[in-house]
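Report on the following structure.
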Amino acid sequence: MTELTSVTPAAAPVPRSALPAHMLYVCRENPVTAMAFVMFAFFLLSALIGPYVVPYDPLATSSAKALHPPSLAHPFGTDNLGRDVFSRVIVATRLDLVISIVAVAISFVIGSVLGAISGYRGGWVDGALNRILDTIMAFPLFVLAMGIVAALGNSVANIILATAVINIPFYARLVRAEVSIRRDAGFTLAARLAGNSDFRVLAFHIFPNSLPPMMVQVSLNLGWAILNAAGLSFIGLGVRPPTPEWGIMVAEGANYIISGEWWMALFPGLWLLLAVFTFNLLGDGLRDIVDPRRRT
């Protein structure tokens, strides 16, 4: 008598064509996530085409138009040099997003590599990395960013470098924890027994399962990076005037709030708030999109 044994087939990998459908499903399931993606698309569109469609040159000055309140001609009013605040706010979107995205991408890559090696190898490698991360996090992060920019000079490249350095520990420790949990899991042992190298096991089996919590951290860090760049510019260590940047514009407008020109600081600050709010809302949606367990 032949005994029939049922075998559960292994789950097939999700084809790339299913990713857009999965993204639409996530957006339909969570309207807040859909709103966050719409807001992110607005900021991304502003960064890409904003400098070409703004009604005025963001650097053009006019003493006759100085400190005009919001109107149909100037929706956000004009500043103390007669420059159109709306045009400057839109143009500044590109610079702030570039600083934020590039800095977070650098810290994501470096932190992920260091954390994955530390969590997978353990031993003295893990101990040495933890001491380095402890040293970085012993400083108040904004103060450390100020020190880096003050030492190297207040250029866009140095702002990106400083922002990346202070964000590396977040990814390194998060990946280390996720990899440490999964390095002895059943699917990891099965991948090793199948003849996969340590690099392949780490890169294609363990690391993808660590992405969901990292996506939440990425979205938070994007908002923090924008705030960090704006804060450095506000205190004079960031982007140099007259370059349009939200932090500079808020700092310039703060001097005129008492005299009644509230629009100079309000609208750049509002744009900064909306950008940080958008990135904070994106976290759950990005986590659901990259989570292999949510793909069916």
Give, rounded to the nearest 20 debye, the magnitude of the charge dipole that segment 38-109 has about its Cα centre when Lys and Arg contribute +1 at Cβ and Asp and Glu contribute -1 at Cβ.
-> 20
Within the chain, helix-based [θ] at 222 nm, where runs of 4 or more DSSP H residues each add -39,500 (n - 2.57), nearest 500 | -23500 deg cm²/dmol
Dipole size in debye (nearest 20) for the chain around its Cα centre, Lys and Arg Cβ +1, Asp and Glu Cβ -1?
-> 580
Estimated Rh, segment 36-173: Kirkwood, alpha-carbon pairs, angstrom | 17.8
Over the residues of segment 162-253, compute the C-alpha Rg and express it relative to 2.2 N^0.38 Å.
-> 1.62
Convex hull over the Cα atoms of the chain, averaged projected area in nm²?
-> 20.9
Hey, if you put +1 on the Cβ of every Lys and Arg and -1 on every Asp and Glu Cβ in segment 74-294, which of 90, 259, 201 ends up farthest toward the positive end of that dipole?
-> 201
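Within a 10 angstrom radius of the beta carbon, how do 193, 282, 97, 67 rank from fewest other beta carbons to most? Working shown, then result.
Working: 193 8, 282 23, 97 20, 67 16.
Placing the least packed residue first, the sequence is 193, 67, 97, 282.
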Run the numbers on segment 74-294 and let me know its relative contact order in percent, using alpha-carbon pairs under 8 Å that are six or more apart.
-> 26
Could you work out the mean projected area of the convex hull around the alpha carbons of segment 139-215, in square nanometres to one decimal?
-> 6.6
Tell me, how many Å apart are the Cα centres for segment 127-159 and for segment 223-264?
-> 22
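Could you give the length gained by full extension between residue 35 and residue 193, i.e. 0.36 nm per residue of separation minus their alpha carbon distance, to one decimal place?
Numbers: separation 158, 0.36 × 158 = 56.88 nm, distance 4.50 nm.
Difference between extended and current length: 52.4 nm.
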In whole Hz, the Karplus estimates of ³J(HN,Hα) for segment 36-46 (6.51, -1.76, 1.60; θ = phi - 60°; x where Gly or Pro) are 5, 5, 5, 5, 5, 4, 5, 5, 5, 5, 4
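Treat the count of other C-beta atoms within 10 Å as a stand-in for reagent exposure and order 267, 139, 40 from fewest to most.
Neighbour counts put them in this order, fewest first: 139, 40, 267.
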Neighbour-count ranking [beta-carbon atoms within 10 angstrom, fewest first] of 81, 152 = 152, 81
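Quick note: the coordinates plus some simple rules give every number you see, no bench work behind them. Predicted, not measured: the structure shown is a model, and the values here were computed from it. Counting neighbours? That spans all protein chains shown, and the Cβs are built from the backbone with ideal geometry, glycine included.
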